[in-house]
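What follows is a single structure, written as structure tokens, with notes after it.
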Amino acid sequence: MLDDAIKTKLRDPTYLDLHLAAVRSLNRVGPTSWYDAHFLRRYEVARDYLAVVNPGALATFERGFDPLKPPPGFDVSVLQNLFDDDTCAQIKAISRSIKAGHQDLSLKSQWEREYFGRQVVWDHPYFLELQRDLLGVASEAAGCTLRTGYNFLSLYGSGGLCDPHMDEPMSMFTLDYCIEQSDEWPIHFSQVVDWPTVETFRQFDPVAVKDDPALGFRAFILQPNQALLFNGSSQWHYRNNIPTGGFCDLLFFHYYPAGCDDLVEPKRWASHFTSIPELGALCDLFERERRPGEG
Ligand SMILES: [Fe+2]
């Protein structure tokens, strides 16, 4: 349903034409294929839309995203003994207390339980503090200056699973920290690849992704107080089913390159690409789209 702000703009014939072109591009690209593909879907929608309404701006738009591509030579880093004993104990105490008493009945939490077999807490104040403290470590491992994004505690239980996917650039770099676990539970990373296109959405097959030798998947195993820094928006990654009856308590600290605040938010692309005013009508629709778990 359109809100009053858009209805007012639609009285302008130029805006109406752009709005209709944006709706057609959204329909042409279609739905997402995996849970964290909203950014890539919108990027593909914007490319489709610009090809119609301002084809001369397409190359400028695409090049504008270069800062969100991995630095040359980027590879996964393993970080040993990330925190001192007192910090480890504090993290574990918070995590266990949340596991014992957490009663989040929101739609988003239900979705996390159903799709990942995990309980999640976003941006706990103590973990936000740790995330800020780790900014230098994460930037060094990433090979570029970073900004802190969001973080979340991820308490995987029996039934824990994470199918192949790529993350959004808002979480371009993830520092994946192991608090404690019942068993070793490998995470698999592909080599760095180009962003998937709309063709990938249409043919998406998670089993085929796992089995594709060209993606060069490697398995990494975390032990408590170890972390991995990976580029989740340019590396496919997955975890198979957790061993029966097992658990794995992880912290995900997300970072993205400094200077990319507008780029990582599709609804802000019109503000970023000031030479492409046509993006305004499309970003108005991005602003109003809902995501899984948001009701
Ligand atoms: Fe991910």
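List of remarks:
- Breaking point among (1) part of a loop (DSSP other than H, G, I, E, B); (2) touching a residue at least 40 places away in the same chain (Cβ under 8 Å), for residue 184: (2)
- Residues of the stretch 150-165 that are within 15 Å of the ligand (Cβ to nearest atom), small (Gly, Ala, Ser) and either on the phi > 0 side of the Ramachandran plot or in a strand (DSSP E or B) (or both): 154 alone.
- Given (1) under 30 Å from residue 87 (Cα atoms); (2) within 17 Å of the chain's Cα centre (by Cα); (3) buried (at least 18 other Cβ atoms within 10 Å of the Cβ), index of the condition residue 247 fails: (2)
- Single residue of the stretch 262-280 satisfying the filter (more than 16 Å from the ligand (Cβ to nearest atom) and within 14 Å of the chain's Cα centre (by Cα)) that is surrounded by the most Cβ atoms within 10 Å (Cβ to Cβ): 266
- Considering only residues in the stretch 176-201 that are more than 20 Å from residue 72 (Cα to Cα) and among the aromatic types (Phe, Trp, Tyr), the one that is surrounded by the fewest Cβ atoms within 10 Å (Cβ to Cβ) turns out to be 201.
- Of the helices (runs of 4 or more DSSP H) contained entirely in the stretch 64-144, those carrying at least 2 residues that are among the hydrophobic types (A, V, I, L, M, F, W, C) and modelled with pLDDT under 90 fall at 107-116.
- Test: residue in the stretch 109-117 that is in contact (Cβ under 8 Å) with a residue 60 or more places away in the chain, within 16 Å of the ligand (Cβ to nearest atom), over 18 Å from the mean Cα position of the chain (by Cα) and at negative phi: no
- Residues located in the stretch 131-154, provided they are closer than 14 Å to residue 118 by Cα and either charged (D, E, K, R) or out of contact with any Ser or Thr (no Cβ under 7 Å at 6 or more places or on another chain) (or both): 152, 154
- Selection from the stretch 28-63 of residues that are farther than 21 Å from residue 234 by Cα, not in a helix (DSSP H, G or I) and not polar (S, T, N, Q): 30
- Among (1) within 15 Å of the ligand (Cβ to nearest atom); (2) modelled with pLDDT of 95 or more; (3) of a type outside the set (D, E, K, R), the one test that residue 213 misses: (1)
- For residue 37, the conditions (1) surrounded by fewer than 20 Cβ atoms within 10 Å (Cβ to Cβ); (2) within 16 Å of the ligand (Cβ to nearest atom); (3) among the small types (Gly, Ala, Ser) all hold with the exception of (1).
- In the stretch 166-175, the qualifying residues are those that are more than 9 Å from the ligand (Cβ to nearest atom), outside any loop (DSSP other than H, G, I, E, B) and buried (at least 22 other Cβ atoms within 10 Å of the Cβ), and the one that is farthest from the chain's Cα centre (by Cα) is 175.
- Filtered by the rule that a residue be more than 10 Å from the ligand (Cβ to nearest atom), out of contact with any helix residue (DSSP H, G or I) (no Cβ under 7 Å at 6 or more places or on another chain) and of a type in the set (D, E, K, R), the stretch 176-191 gives 183, 184.
The values are calculated or read from the model by the stated rules, or taken from the named source; none is laboratory data. Since the structure is predicted, the reported quantities are computational estimates derived from the model, not experimental observations. Note that we place each Cβ from the backbone using ideal geometry, even for glycine, and neighbour counts take in every protein chain shown.
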